[in-house]
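This report refers to the structure that appears directly beneath it.
Please treat every number below as a calculation from the coordinates, not as lab data. Please read these numbers as outputs of a predicted model, since none were measured by experiment. Every residue, glycine as well, gets a Cβ built from its backbone with ideal geometry; the counts of neighbours run over all protein chains shown.
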Amino acid sequence: MGALKVLVVVMGIMLIGGFAVLLAVIGGRLSHSGAPRSFAAAIDIPRGARIEAMTAGADRLVLDMILSEGGRQLLVIDLTTGARLGSIELRTVP
């Protein structure tokens, strides 16, 4: 009978400890998934260019631009930092 009491107490402590760890993990994950960070970075586009379309992915923004000379260019921007990752020149095949 004494061993049974010890076993019940130990299992109760383990249950409370496990529940506390579960709450700590959930709290930690919720605190890290807050609102996305905002940035105030200017995005330079070529003079005379016009933005035709925008597409957003998980962490990227792609701007489809029509250039003043008549060409097209895709501009890729990182949404977390606002940094310009690169541009892709689109050319028509003759």
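For Ser31, Ser87, Ser68, the sequence from fewest to most other C-beta atoms within 10 Å is Ser31, Ser68, Ser87. 3J(HN,Hα) along segment 72-83, derived from phi through the Karplus expression 6.51 cos²θ - 1.76 cosθ + 1.60 where θ = phi - 60°, amounts to 10, 8, 9, 10, 9, 10, 7, 6, 7, 10, x, 7 Hz, with x in place of Gly and Pro. Mean-square fluctuations from a GNM of the chain, with a 10 angstrom spring cutoff on Cα atoms, peak among Val21, Val76, Val62 at Val21. Each Cα pair under 8 Å and six or more residues apart adds its separation to the average, and for segment 50-90 the resulting relative contact order is 30 percent. Mean-square fluctuations from a GNM of the chain, with a 10 angstrom spring cutoff on Cα atoms, peak among Ala24, Ala42, Ala83 at Ala24. Taking other C-beta atoms within 10 Å as the exposure proxy, Leu85, Leu75, Leu63 rank Leu85, Leu63, Leu75 from fewest upward.
Between helix 2-32 and the chain there is an angle of about 20 degrees, using the helix long axis and the longest principal axis of the Cα atoms.
Neighbours of Arg72, meaning other residues whose beta-carbon lies under 12 angstrom from its beta-carbon, give a summed charge of -2 when Lys and Arg score +1 and Asp and Glu score -1. Neighbours of Val62 by Cβ distance under 15 Å: Lys/Arg scored +1, Asp/Glu scored -1, total -2.
Taking θ as phi - 60° and the Karplus parameters 6.51, -1.76 and 1.60, the scalar couplings of segment 50-66 work out to 10, 7, 8, 7, 10, 9, 10, x, 4, 9, 10, 10, 10, 9, 9, 10, 9 Hz in sequence order, x denoting glycine and proline.
Of all the options Met54, Met11, Met65, the one that moves most in a Gaussian network model of the chain with Cα springs shorter than 10 angstrom is Met11.
Of the labelled figures (1) 8.9; (2) 10.6; (3) 5.9, only one reflects mean projected area of the Cα convex hull in nm² as derived from the coordinates, namely (2). Each Cα pair under 8 Å and six or more residues apart adds its sequence gap; the mean of these over the residue count of the chain is a relative contact order of 17 percent.
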